[in-house]
Amino acid sequence: MADETDGTVGNDIVEQVAHLARIQIDPDSVANYAAEMSGVLQLAAQMDEVDTSSVEPMAHPTHAVQRLREDVVTETDRRDAFQRIAPSTENGYYLVPPVIE
Amino acid sequence: MQWETVIGLEIHAQLATQSKIFSASSTQYGAAPNTQANAVDLGMPGVLPVLNREAVRMAVKFALATNAEIGKRNVFARKNYFYPDLPKGYQISQMSLPIVGSGKVSIEMDDGAVKEVGLTRAHLEEDAGKSVHEDFHDATGVDLNRAGTPLLEIVSEPDMRSAKEAVAYAKKIHSIVRYIEICDGNMQEGSFRCDANVSIRPVGESKLGTRSEIKNVNSFRFLERAINYEVERQIDILEAGGEVVQETRLYDADKDETRSMRSKEEANDYRYFPDPDLLPVEVEQELIDSIRNTLPELPDARRARFIAEHELSEYDAGVMTSDRYTADYFESVLENSAASPKLACSWISGELFSRLNKDGLELRASPIDTDRFSQLIARLHDNTISGKIAKEVLDKMWSSDDTADQVIDREGLRQISDSSEIEKMVDEVIASNPDQVAEYRSGKEKLLAFFVGQVMKASRGKANPGELNKLLQEKLKA
């Protein structure tokens, strides 16, 4: 994403990320976002300089592990309740604008 | 120019759990739309995923069955993309720390060659829902029953060099997941799906060519055809001086072609990151050991044993171990009939399979269970009936609940092995065909078949063929 040599983010990358995330941004603030994102990446680049070869990568800030659920079906059909708040349904399906592949 | 084909497969196997990977909704196939989609599956705000223990166990079982590394500390990540059948806007998957690391399987080709195919990794993830494009006016319908069904995505190394090798590999994985009972393997219902990464390069070149990914292949036959089509397409492009574009292509079985599915500007960029809703998963040694103890004999080992212990040919052993149910059926018939493995094998793969094929049935749904089939084979083995009569008996058993003995007794089909009774029939046939007897005696020995046929006819097919042949030859020589 970012230019790996100097950790800076250009306007084009901001626009691409916004598009991928389907976020609408004000064209006037693109340059601001670019500067802020560059700052974040530069911080990460700075941390990269520390020798972390003996540190296990952290996937989660708590030192707990995932608890598991027994494989049992306990949910009942609540389709009517869920579909009452859906914008559009038909024959049990949720309807969305046509998706053409 | 000579081209080499390079293929890697990504196989999605739906795990045969009762409930979903992160919610307690049912995974049962075929329910009315959206009746098995709860708040977690719908991606409602405020819900949290809770991992299904059985999905973890099944992934570990697969790792043990393929001698693969186990990710003792594995992490779920979010794969971000937007599509209506993915309500959260991301799929929970695994990226840099999958539950299954590298492993390998061996595949056997028709010519007997054995080849090893590397497994890159296998990871747990959730399935998406289904979009229905045809049934609604100016809208797409979304059914989220499938959303959250556990998947094991099994990724191979680009080790296959032909469509046939790719199919042999896919069949091997299919066989393994069914043997260890982690997936029902139903390709029609989408429980077992293959995506193929296909590229070509000049023979001798070590650098990989640009690949395309073929999706939507729901049978082994289509997998072979889709790859062959794609290879030809890429050769045509390169030989015309063009370049292959890296893209996803959809296989259309009706037209037997692949076509581009996503445009280039939508280039995949999934922005994976560790899912903060889920903690790292630890697979403890104790769990691994307990799963190892439940592991059944695997297809390769069973095949080798069938060759060594039952003296089956490589081909027959392959057919008898193609899935666990067939292998169990075969061994059960052996045990109950005292017949030779060769006899049991040829009747299962021949008469039984051809009748099942005709009726479009799987062995599991066979109208003849192992008890009834074993008795039929036992009667063949002890010479109560001949092979010809056994086929008749099998037909009668097919449409009833009768045992082989009941059919044999009721229809009077017991083979005549009493030589005096056969002798009487032989004498009658010789007496009533003096011309043929003379011809035979003057050297036209081919006529033996005529006499055998006549006596068989007189016995209504019940004369013991060995006894009959012996007696006929004696009498005709006299």
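If you go through the stretch B:36-49 and keep only what is within 8 Å of chain A (Cβ to nearest Cβ) and surrounded by 18 or more Cβ atoms within 10 Å (Cβ to Cβ), you end up with B:Gln36, B:Ala37, B:Asn38, B:Leu42. So, of the residues in the stretch B:80-109 that are away from chain A (no Cβ under 13 Å) and among the hydroxyl-bearing types (Ser, Thr, Tyr), which turns out to be farthest from B:Leu9 (Cα to Cα)? Across the stretch B:80-109, the extreme among qualifying residues is B:Ser93.
For the stretch B:227-266, filtered to residues that are in contact with an Asp or Glu (Cβ under 9 Å, 6 or more places away or on another chain) and hydrophobic (A, V, I, L, M, F, W, C), the residue that is modelled with the lowest pLDDT is B:Met261.
B:Thr17 passes every criterion in (1) in contact (Cβ under 8 Å) with a residue 60 or more places away in the chain; (2) closer than 30 Å to B:Ala317 by Cα; (3) among the hydroxyl-bearing types (Ser, Thr, Tyr) apart from (2). The set of residues from the stretch A:67-87 being part of a loop (DSSP other than H, G, I, E, B), more than 7 Å from chain B (Cβ to nearest Cβ) and not charged (D, E, K, R) comprises A:Thr76, A:Ile85, A:Ala86, A:Pro87. With a requirement of 3 or more residues that are within 10 Å of chain A (Cβ to nearest Cβ), the strands (runs of 3 or more DSSP E) lying completely within the stretch B:120-171 that satisfy it span B:130-132, B:140-143. Pick from the stretch B:98-109 the residues that are assigned to a loop (DSSP other than H, G, I, E, B) and in contact (Cβ under 8 Å) with a residue 40 or more places away in the chain: which of them is nearest to A:Ala59 (Cα to Cα)? Across the stretch B:98-109, the extreme among qualifying residues is B:Ile99.
Checked against (1) touching a Ser or Thr at 6+ places or on another chain (Cβ under 8 Å); (2) away from every other protein chain (no Cβ under 14 Å); (3) not in a strand (DSSP E or B), B:Gly112 passes all but condition (1).
Only one residue in B:Glu423, B:Glu428 is within 51 Å of the chain's Cα centre (by Cα) and either over 30 Å from B:Leu361 (Cβ atoms) or assigned to a helix (DSSP H, G or I) (or both). Which one? Show your work before the answer.
On the way: B:Glu428 fails: within 51 Å of the chain's Cα centre (by Cα).
Going through B:Glu423, B:Glu428 in turn, just one is within 51 Å of the chain's Cα centre (by Cα) and either over 30 Å from B:Leu361 (Cβ atoms) or assigned to a helix (DSSP H, G or I) (or both): B:Glu423.
Among the residues making up the stretch B:1-30, those that are part of a loop (DSSP other than H, G, I, E, B) and buried (at least 16 other Cβ atoms within 10 Å of the Cβ) are B:Leu15, B:Ala16, B:Thr17, B:Lys20, B:Ile21, B:Phe22, B:Ser23, B:Ala24, B:Ser25, B:Thr27. Residues in the stretch B:55-72: is at least one farther than 22 Å from B:Leu9 by Cα, surrounded by fewer than 18 Cβ atoms within 10 Å (Cβ to Cβ) and either in contact with a strand residue (DSSP E or B) (Cβ under 9 Å, 6 or more places away or on another chain) or away from chain A (no Cβ under 12 Å) (or both)? The answer is yes; a qualifying residue exists. One residue stands out in the stretch B:214-226 among those that are surrounded by 20 or more Cβ atoms within 10 Å (Cβ to Cβ) and part of a strand (DSSP E or B): the one that is modelled with the highest pLDDT, namely B:Ile214.
Quick one: count up the residues across the stretch B:460-478 that are assigned to a loop (DSSP other than H, G, I, E, B) and crowded, with 17+ Cβ neighbours inside 10 Å.
Restricting attention to the stretch B:460-478, the residues satisfying the condition of being assigned to a loop (DSSP other than H, G, I, E, B) are B:460-462, B:464, B:478.
Add one more test, that the residue is crowded, with 17+ Cβ neighbours inside 10 Å, and what stays is B:462, B:464.
The qualifying residues number 2.
If we scan the stretch B:414-425, do we find a residue that is closer than 21 Å to B:Phe330 by Cα and either out of contact with any Ser or Thr (no Cβ under 8 Å at 6 or more places or on another chain) or of a type in the set (Asp, Glu) (or both)? Talk me through it step by step, then tell me what you get.
Going through the stretch B:414-425, the residues closer than 21 Å to B:Phe330 by Cα turn out to be none.
So far as the stretch B:414-425 goes, no, none of its residues is closer than 21 Å to B:Phe330 by Cα and either out of contact with any Ser or Thr (no Cβ under 8 Å at 6 or more places or on another chain) or of a type in the set (Asp, Glu) (or both).
Restricting attention to the stretch A:25-65, the residues that are assigned to a loop (DSSP other than H, G, I, E, B), closer than 28 Å to B:Tyr83 by Cα and within 14 Å of chain B (Cβ to nearest Cβ) add up to 2. Taken over the stretch B:1-54, residues that are among the aliphatic types (A, V, I, L, M) and farther than 26 Å from B:Leu119 by Cα amount to 12. Against the condition over 18 Å from the mean Cα position of the chain (by Cα), surrounded by fewer than 13 Cβ atoms within 10 Å (Cβ to Cβ) and not aliphatic (A, V, I, L, M), how does A:Asp48 come out, does it pass? So A:Asp48 passes the test. The set of residues in the stretch B:15-35 being more than 7 Å from chain A (Cβ to nearest Cβ) and polar (S, T, N, Q) consists of B:Thr27, B:Gln28. Against the test of being more than 23 Å from B:Thr27 (Cα to Cα), of a type in the set (Asp, Glu) and either out of contact with any Phe, Trp or Tyr (no Cβ under 6 Å at 6 or more places or on another chain) or at pLDDT 95 or above (or both), the options B:Asp127, B:Asp85, B:Asp135, B:Asp143 yield a single qualifying residue, B:Asp135. When the stretch B:78-97 is examined, which residues are found to be within 32 Å of the chain's Cα centre (by Cα) and either small (Gly, Ala, Ser) or assigned to a strand (DSSP E or B) (or both)? Matches in the stretch B:78-97: B:Lys79, B:Gln91, B:Ile92, B:Ser93, B:Gln94, B:Ser96. Just one of (1) under 26 Å from the mean Cα position of the chain (by Cα); (2) closer than 30 Å to B:Glu134 by Cβ fails for A:Glu75. It is (1). Residues that are under 16 Å from B:Asn383 (Cβ atoms) and among the acidic types (Asp, Glu) within the stretch B:410-446 comprise B:Asp418, B:Glu421, listed in sequence order.
Every residue, every condition in (1) exposed (fewer than 14 other Cβ atoms within 10 Å of the Cβ); (2) within 27 Å of the chain's Cα centre (by Cα), yes or no:
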{"site": "B:Pro202", "(1), (2)": "yes, no"}
{"site": "B:Asn228", "(1), (2)": "no, yes"}
{"site": "B:Thr248", "(1), (2)": "no, yes"}
{"site": "B:Ala253", "(1), (2)": "no, yes"}
{"site": "B:Asp275", "(1), (2)": "no, no"}
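The values are calculated or read from the model by the stated rules, or taken from the named source; none is laboratory data. Quick caveat, the model's predicted, so the values are computed rather than measured. Ideal geometry is used to build each Cβ from the backbone, glycine not excepted, and the neighbour counts take in all protein chains shown.
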